[in-house]
Amino acid sequence: MLKVISPIDNSIIAERPLARPADIERALDLARRAQRAWRNVALAERARILDRFCDLFEAKRDEIARELTWQMGRPSRYAPNEVRGTLERARHMIAIAPTALADIDAGPKEHFTRFIRREPLGVVLTIAAWNYPYLIAVNSVVPALMAGNAVVLKHSAQTPLCAERFATALLEAGLPHGVFQALHMSHEDTERAIRDPRVDFVAFTGSVAGGHAVQRAAAERFIGTGLELGGCDPVYVRNDANLAHAVENIVDGAYFNSGQSCCGLQRIYVHERLYGAFVDGFVDLTRKYVLGNPLEAATTLGPVVRTAAADTIRAQIAASIEAGGKPVIDEEEFTASRAGTPYLAPQVLLDVDNSTPVMREEIFGPVAGIMKVQSDEQAITLMNDSAYGLTAAIWTSDADAALSIGDRVETGTWFMNRCDYLDPALAWVGVKDSGRGCTLAVVGYEHLTRPKSFHMRTQL
C-alpha cells in the first residue's frame, strides 16, 4: 500500500494500492491500443477535448488547491497559483499545437512534393515530482496528448492524488478510454516499465540520482528521455541594480515553496558596491516570514515535505557552517521551527565561497548563501562554477550588459530582473547535471514527436 503522510501534522491522508504486475501489463497494452486510434483523431478534436479538460480542472480549483496543501505542505494562500499556472501552460500548448505540429514544407522542386510530418512517438511515460505536482506533470501530459501520444502518468508517492485529478478530468472531458492512465507504481516496477517495449518515451522530473536510474533503465533501448533534474541556481546583483526590487524578488525566489524549487535561488552573488545594503535588506525581509501551519491564512512559509528532508537540510546547513559559513538567522526566532518535524526556519549564510556546500549542492530547502563579488567577470566565473545549469538571473538596469553576460552563463534559462517563473512560450531546458531534453514552447513538441519525411514524385 502507498500511504500519503501529510507534512502538516504527520497524518495519513490517503492510501492507495500499488499497481501489481498484471495491472501494469493491462495498462500498457491498453495504452498501446488506444494510441493507435487517438493518433488518427483530428487535431481540432484533440484540442476540443483538452480545452474541456482545462474547464473541468478550473472548476475544481479550490478542492485541488486544498488537497495540494495537505499533500505537500504549501501554504494555502499560494496553492491556488499552481492551478492557474497549470491552466496557463496547458492552454498555451493547446493553442500553439497547430503551428508546432504542422507539416514542414521542404520548398518547391519540379515534379516533386516534399515535406516533413511530425508523428507521435506512441506511449509516453511521465514520472512527475511532488514539489510542483501539477505544473511538472502538465509540461509533458498535455503536449504529448495533443501530439497524438498516449500517456501513462506515474506521480510521486507524496502526491498521487494529483495523478488521479488529471485522470478524472481528462476522462470527463471525453478523452477516449486508455489514452491517459495514472498508475501508482513502486520504483522497481517503474524501472521495469521504462524497459518495456510498449513505452516509447520517458519524461522524468526529479533528482540527479533518479535521472541516472532512468537513463540506466532506458539504456538497453533506443528511446528518448526528457530529464529535468534540478539545480543550485545562481543570481548576480550587479552594481547598477534596483536594490529594493532585487531584495524583494530574490528573497521570494530563494524561499518560495520552502525553497523546494528546482529553479529556486540558492547562490547569490552581490557586487561589493551594494553588498552591505543588500544583505541588510535580505535578512530583514527573511525575518518577516511566518512559519507555521500552511492551512492558516497568515502562514507564508510552510513545512518542507517530510521530517527526513528537514533533517537532511539541517545537516547541509551544519556542513556549510563548519566550512566557514556564518548563519544569520537564529532558528529560535521562528517558534514553529522544531527538530524532529518538517517545520524548518529559513536560513541565510554569509562568508561563504564556492567550495561551501550551500554554494555547490542542491539543498532543496529554505537556505541561501550570499557572496560579495568585485566585477562582472568574477560573477560570471562563479556562476559557471557549478555542476548544475537550470536557471540563472541578473538584476541590473543595463539590458545590453544583461544580454552580454547571459550569453556567457551556462544555463537553460537566463532571467533579467526576475526569477523562478516558467513562461510557457519559452523552452524549459537544463544543461550539465540539470538534465537534458526540453519541455514547453514550440520546441517542446519536438521531443514528443518524430520527424517523418515524405518525398513524392508527382510526375513521371
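The values are calculated or read from the model by the stated rules, or taken from the named source; none is laboratory data. Not measured: the values here are computed from a predicted model. Backbone-built Cβ (ideal geometry, glycine too); neighbour counts: all protein chains shown.
Before moving on, here are some points about what is shown:
- For the stretch 76-104, a tally of residues being among the basic types (Lys, Arg) and free of Cβ contacts under 8 Å to residues at least 24 places away in the same chain returns 1.
- If you go through the stretch 49-73 and pick out every residue that is free of Cβ contacts under 8 Å to residues at least 40 places away in the same chain and of a type outside the set (Asp, Glu), you end up with 4.
- Being free of Cβ contacts under 8 Å to residues at least 60 places away in the same chain, outside the structural domain of residue 11 (by TED's automatic domain parsing) and within 19 Å of residue 282 (Cβ to Cβ) holds for only one residue in 349, 382, 344, and it is 349.
- Criterion: without any contact (Cβ under 8 Å) to a residue 60 or more places away in the chain, buried (at least 24 other Cβ atoms within 10 Å of the Cβ) and assigned by TED's automatic domain parsing to the domain that holds residue 94 - qualifying residue of 202, 141: 141
- Residue check, residue 149 within 23 Å of the chain's Cα centre (by Cα), surrounded by 24 or more Cβ atoms within 10 Å (Cβ to Cβ) and over 30 Å from residue 78 (Cβ atoms): yes
- The stretch 293-328: number of residues that are surrounded by fewer than 17 Cβ atoms within 10 Å (Cβ to Cβ), small (Gly, Ala, Ser) and part of a loop (DSSP other than H, G, I, E, B): 3
- Once the stretch 54-95 is narrowed to residues that are closer than 25 Å to residue 156 by Cβ and over 21 Å from the mean Cα position of the chain (by Cα), the residue that is surrounded by the most Cβ atoms within 10 Å (Cβ to Cβ) is 56.
- For the stretch 72-92, the tally of residues that are assigned to a helix (DSSP H, G or I) and either farther than 12 Å from residue 134 by Cα or out of contact with any helix residue (DSSP H, G or I) (no Cβ under 6 Å at 6 or more places or on another chain) (or both) stands at 6.
- Wholly enclosed helices (runs of 4 or more DSSP H) of the stretch 347-455 bearing at least 1 residues surrounded by 15 or more Cβ atoms within 10 Å (Cβ to Cβ) and among the acidic types (Asp, Glu): 376-384
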